[in-house]
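Here is the structure we will look at, set down as structure tokens.
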Amino acid sequence: MRVRSRVSEQTEQQNDEVVLDAQEAAAEIHRLEQQRRENREAVRGLGFNPYGQRADGLMTLAQAHDAYDEAADTENKDTTQAHKQAKRDNPDLPDADLPPVVDARPIVRVAGRVVLSRDNGKLVWLNLRDHTSDSFQIAISKRDCDENGFQLAKLLDNGDLVIAQGPLTKTKTGEVTCWASTLEPASKCLVPPPEKRLGLQDPDMRYRQRYVDMWSNPDTTRTLLLRSKLMSAMRRHLERHDFVEVETPVLQTQAGGAAARPFFTHMNALHLDLSLRIAPELYLKRLLVGGMPRVFEVSRNFRNEGLDKSHNPEFTSLEVYQAYGNYETMLELTEGLIRELAQIAASEQGISSNAMPFGELLIDYEQPFERITYSELFEKALGFSVGDMEKVRGACEARGFKTKSEDGTAIADIFLINELFEEVAEPMIDPARPTFVLDYPASLSPLTRPKPGTEQDPVPLADRWDLFIGGMEIGPAYTELNDPDVQAQKFREQLAGVDDEESTFRSFDEDFVNALKVGMPPAGGLGLGMDRIVMLLGNQRTIRDVLPFPMMKPLASAAGQQDAPQGETDE
RNA sequence: GGGGGAGUAGCUCAAUGGUAGAGCAACGGCCUUUUAAGCCGCAGGUUCAGGGUUCGAAUCCCUGCUCCCCUACCA
């Protein structure tokens with residue numbers, strides 16, 4: 001008992017502190033929030049818990065809208081009219097002898113956020129929003145709603161969550177409306193909402209406070225839901241093709257599988273410096289060695305590089321590996337997958353034509369994707385072949401590209417070729433036409449199998465393609481390299497010539513080479529930027545718009561609370 | 001990294017060196033078929049922060065912070 005009383009004393013003391021803190025804080029609470037707090041207390045005064053409770057039997061707002069029954073509503077209106085008329089004509093007759101009111105209107109129970117309200121005195125109109133409907137009308141009349149519900153309607157603020165129940169009817173202007181018989185609070189919105197018509201406009205606030213953006217701009221929620229549907233459809237598509245989903249390490253002692261600067265972290269228990277993965281590739285291939293024939297991973301990758309409208313430091317790629325496939329297998333899979341996702345995105349967004357809008361473009365995913373080789377595209381754009389080094393150098397110089405590095409040594413031919421390709425040839429790809437660019441130069445693709453028969457060509461090729469849609473690189477696929485000696489050689493080449501800084505995150509993955517020595521089946525491998533696919537199919541301009549919570553620099557006030565950076569930062 | 005633009009009431013925006021305003025939201029009042037409800041009334045400001053020029057600064061100058069656009073870098 002003594003213990004308990006001490007505990008309760010302590011609790012009381014703590015409560016006092018909480019009250020004091022709350023009072024202190026109240027001094028700084030904005031007047032608009034204060035008014036909402038007062039409304040919340042008034043709701044409590046009606047006997048409600050302003051934060052609601054479990055509600056069963058809810059319909060979505062769209063379901064409620066569709067549940068409207070024209071015949072029942074008409075019958076109810078007609079019989080009500082007849083009843084009233086008869087009562088006027090025979091005021092002395094008991095109700096039982098008058099023509100009865102027939103009410104077979106469906107009764108719905110719905111929940112949503114108040115986005116509009118109009119108080120007509122004894123009749124209050126609310127418009128609710130949920131993920132299925134931007135606006136569904138509720139009427140709360142003094143005559144037909146219970147008293148507490150009617151009083152509640154008067155105390156609501158825009159942004160509050162409520163639960164309404166009542167029959168469906170149509171107003172004079174033909175709008176399906178729930179004519180509430182009860183109204184309950186579900187949660188209080190203490191934060192003043194954005195402008196009711198325009199929603200939250202400031203892009204910075206939209207990304208920082210997605211929860212506000214989402215309810216005030218319903219398109220945001222629709223895009224994020226579309227993302228979910230596309231991810232789910234992608235999994236189903238791959239599973240239909242006998243691929244299995246796997247999960248491989250995010251924390252890696254050496255980040256491999258791509259050339260990118262990783263993020264670093266530290267594991268206390270093993271005193272181990274680790275990096276976050278930049279790609280799952282090397283682990284997925286190990287699974288092929290072990291005997292999994294068809295694997296995929298939806299991989300969150302982390303790259304310590306710049307941000308722009310198609311780059312976020314963490315992003316989602318789909319990586320797929322198929323034993324006994326090659327890059328053509330991956331091409332067929334990719335085209336089928338993206339076409340199916342486009343069909344789903346079109347039907348989700350009510351687009352009936354083949355052409356999906358993306359900004360100014362209309363992109364057709366139905367007709368076969370364009371295919372062109374790297375050399376063909378190069379020659380088409382530049383007018384000479386990739387192997388014609390004299391003209392390559394000339395063209396680079398004519399365009400003012402660097403042909404020598406800082407120390408005066410000539411830049412390797414292949415980098416000049418690729419510079420021209422990226423600057424001149426890639427922009428010639430029709431952005432409205434999904435296009436596979438096939439057969440890249442082998443020296444640009446260290447983890448790719450060289451294309452047989454081109455080893456002695458001026459520019460040896462690799463079994464690799466890249467898919468371009470809407471001016472964005474969506475992802476590459478390869479016939480994977482499975483010769484351990486060639487792989488080891490490529491690792492060594494990659495390490496040679498990197499500076500000290502890069503060498504801190506490039507390394508020779510001995511264990512991976514060992515895995516190849518055990519024997520990896522020939523395989524096709526694929527990587528697709530899922531964020532970019534959602535951008536394309538959801539017609540969103542930036543990667544931030546398809547991420548629920550894109551990377552944002554902390555505000556100055558928040559940054560001050562964070563630990564100082566451990567080491568030197570860049571630059 | 002370079003160039004350009006922006007930051008004003010809770011939100012969306014005006015005010016180009018001379019009294020900081022509007023619409024929406026809020027608050028008080030009236031209203032039982034409104035729907036961007038309406039009518040009457042009332043209130044709301046560290047003009048991003050700090051410094052400077054000026055009799056006088058939201059406005060001009062400097063520094064810093066944040067965002068947007070273009071550009072550059074980036075497998």
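Some observations on this one:
- Under 21 Å between alpha carbons - lysine pairs in the stretch A:72-178 that sit 8 or more apart or on different chains: 16
- Charge dipole (Cα centre; +1 on Lys/Arg Cβ, -1 on Asp/Glu Cβ; no other charges) of chain A amounts to roughly 1960 debye.
- Averaging the Cα positions of each part gives two centres, and for the stretch A:252-292 and the stretch A:378-438 these lie 33 Å apart.
- Efficiency of FRET between A:GLN456 and A:LYS309 - r from beta-carbon atoms, R0 25 angstrom, step 0.05: 0.05
- The modelled label-to-label distance for the pair A:TYR324/A:GLU397, using points 7 Å beyond Cα in the direction of Cβ, is 5.4 nm.
- As a rough guide to protection, the peptides A:530-536, A:431-437 ranked by mean Cβ packing within 10 Å, highest first, stand as A:530-536, A:431-437.
- One way to sum up the overall shape of the stretch A:231-305 is the equivalent ellipsoid from its Cα gyration tensor, whose semi-axes run 26, 14, 11 Å, largest first.
- Probe 1.4 Å, all protein chains present, accessible-area order of A:MET214, A:MET520, largest first: A:MET214, A:MET520
- Heavy-atom surface of the stretch A:320-408, accessible at 1.4 Å and reported per residue (Å²): 53 Å²
- Nearest-0.05 FRET efficiency for A:GLU390 and A:ASP485, computed from C-beta distance (R0 41 Å): 0.75
- When the Cα atoms of the stretch A:364-412 are aligned to their principal axes, the ranges along those axes come out at 50, 20, 17 Å in descending order.
- Rounded FRET efficiency, nearest 0.05, which uses the C-beta distance separating A:ARG37 from A:ARG118 and R0 of 30 Å: 0.80
- Based on C-alpha pairs under 8 angstrom that are at least 6 apart in sequence, the stretch A:370-454 has a relative contact order of 40 percent.
- Extension gain, A:GLU379-A:ASP204: 0.36 nm per intervening residue step, less the Cα-Cα distance, totals 58.6 nm.
- Charge sum, other residues only, whose C-beta stays under 15 Å from A:THR169's C-beta, Lys/Arg counted +1 and Asp/Glu -1: -4
- Counting only lysines at least 8 places from A:LYS404 when in the same chain, those with an alpha carbon closer than 30 Å to its own are A:LYS380, A:LYS391, A:LYS451, A:LYS490.
- In nm, spacing of pseudo-spin labels at A:TYR211 and A:ARG339 (7 Å Cα→C-beta vector): 4.4 nm
- Sorted on the mean count of surrounding Cβ atoms within 10 Å across their residues, most packed first, peptides A:180-187, A:412-419 read A:180-187, A:412-419.
- Taken about its Cα centre, the stretch A:129-283 carries a charge dipole of about 360 debye when Lys and Arg each add +1 at the Cβ and Asp and Glu each add -1 at the Cβ.
- At least 18 Å along the helix axis (C-alpha) and Kyte average at least -1.0, DSSP helices within chain A: A:218-240, A:327-348
- In summary, the convex hull built on the alpha carbon positions of chain A has an orientation-averaged projected area of 40.0 nm².
- Within the accessible area of chain A (1.4 Å probe), percent carbon and sulfur: 50 percent
- Estimated distance in nm for a label pair at A:ALA412 and A:GLU348, the labels positioned 7 Å out from Cα along Cα-to-Cβ: 4.1 nm
- Ranking by accessible area, most exposed first, for A:TYR324, A:TYR374 with a 1.4 Å probe: A:TYR324, A:TYR374
- Surface listing: A:LYS188, A:LYS404, A:LYS77 arranged by accessible area from highest to lowest gives A:LYS404, A:LYS77, A:LYS188, probe 1.4 Å.
- Electrostatic dipole magnitude of the stretch A:327-404 [Cβ: Lys, Arg +1; Asp, Glu -1; Cα centre; debye, to 20]: 600 debye
- When the inverse distances between all different Cα atoms of the stretch A:297-405 are averaged and flipped, the Kirkwood radius reads 18.3 angstrom.
- Rounded accessible area of A:TYR51 (nearest 10 Å², 1.4 Å probe): 90 Å²
- Using a cutoff of 8 angstrom between alpha carbon atoms and counting only pairs six or more residues apart, the relative contact order for chain A works out to 11 percent.
- Alpha-carbon centroids, the stretch A:300-367 and the stretch A:162-197: separation in whole Å: 39 Å
- Of interest is the spacing of the C-alpha centroids, which for the stretch A:53-116 and the stretch A:203-250 amounts to 40 Å.
- Taking all C-alpha pairs of the stretch A:421-545, those more than 24 Å from each other amount to 43 percent.
- Among A:471-477, A:389-395, the peptide with the highest mean count of other Cβ atoms within 10 Å heads the list, and the full ranking is A:471-477, A:389-395.
The values are calculated or read from the model by the stated rules, or taken from the named source; none is laboratory data. This is a predicted model, so every value here is computed, not measured. Cβ: placed from backbone, ideal geometry, glycine included. Neighbour counts: every protein chain shown. We work out accessible area using only protein heavy atoms, side chains counted, and drop any ligands, DNA or RNA first. Shrake-Rupley method; radii C 1.70, N 1.55, O 1.52, S 1.80 Å.
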